[in-house]
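Working notes for the structure below.
The values are calculated or read from the model by the stated rules, or taken from the named source; none is laboratory data. Source: prediction; values computed, not measured. Don't worry about glycine lacking a Cβ; one is built from the backbone with ideal geometry, like all the others, and counts go over all protein chains shown. Accessible surface areas use protein heavy atoms only, side chains included; no ligands, DNA or RNA. Shrake-Rupley method; radii C 1.70, N 1.55, O 1.52, S 1.80 Å.
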Amino acid sequence: MYLSTEKKKEIFQKHGEVETNTGSAEGQVALFTYRIAHLTGHLKKNKKDFSTQLSLQKLVGKRRALLAYLFKKDISRYRAIIKSLGLRDIIKSI
């Protein structure tokens, strides 16, 4: 399996507050980003795997929704997670 329990704990420890806080928005965004990178690599090799393509699109939508939530609730947390993961700022300021 590509994502072991130890790897999940490492992701949540690095981006969440503690490794047991799996519900934090930052930890979830980091986990989604890891999974998106894995699926993107798979799709580069298997171009006609449409079920994986659909799963990837759903994950990107979930990550975007969590980032929008962080943007509305606490913009400093949003900016910190964007910077630490190296993502583009997809939500435009009003």
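Determine, at each q value in 0.16, 0.19 (inverse angstroms), the log₁₀ of I(q)/I(0) that the Debye formula gives when each Cα of the chain is one equal point scatterer. Those come out to -0.69, -0.93, one per q.
Would you calculate, for the chain, the mean residue ellipticity at 222 nm contributed by helices, counting each DSSP H stretch of 4 or more residues as -39,500 (n - 2.57) and dividing by all residues, to the nearest 500? Display every interim value, and only then the final one.
Numbers: 4 runs with 67 residues, N = 94.
Theoretical 222 nm ellipticity from helices: -24000 deg cm²/dmol.
Normalised per residue, the accessible area of the chain is 71 Å², obtained with a 1.4 Å probe and no contribution from ligands, DNA or RNA.
Viscosity 1.306 mPa s, temperature 10 °C: what is the translational diffusion coefficient of the stretch 24-79 from Stokes-Einstein with a Kirkwood Rh over Cα pairs, rounded to a whole number of µm²/s?
Numbers: Rh = 12.0 Å.
D = 133 µm²/s.
The mean sequence separation of alpha-carbon pairs under 8 Å and at least six residues apart, normalised by the residue count of the chain, gives a relative contact order of 20 percent.
Computed over the stretch 53-94, the alpha-carbon pair-distance distribution with 10 angstrom bins reads 28, 54, 17, 1, each value a whole percent. Pick from 33, 52, 22: which is most flexible by mean-square fluctuation in a GNM of the chain where alpha carbon atoms under 10 Å apart are linked? Checking each option, the largest mean-square fluctuation is seen for 52.
What do you get for trypsin sites (Lys or Arg not before Pro) in the stretch 52-94 restricted to DSSP loop and a cutoff of at most 12 other Cβ within 10 Å of the site's Cβ? Walk me through the numbers before you get to the answer.
Details: sites: 58, 62, 63, 64, 72, 73, 77, 79, 83, 88, 92; in loops: 88, 92.
The qualifying sites are 88, 92.
Counting only lysines at least 8 places from residue 44 when in the same chain, those with an alpha carbon closer than 30 Å to its own are 7, 8, 9, 14, 58, 62, 83, 92.
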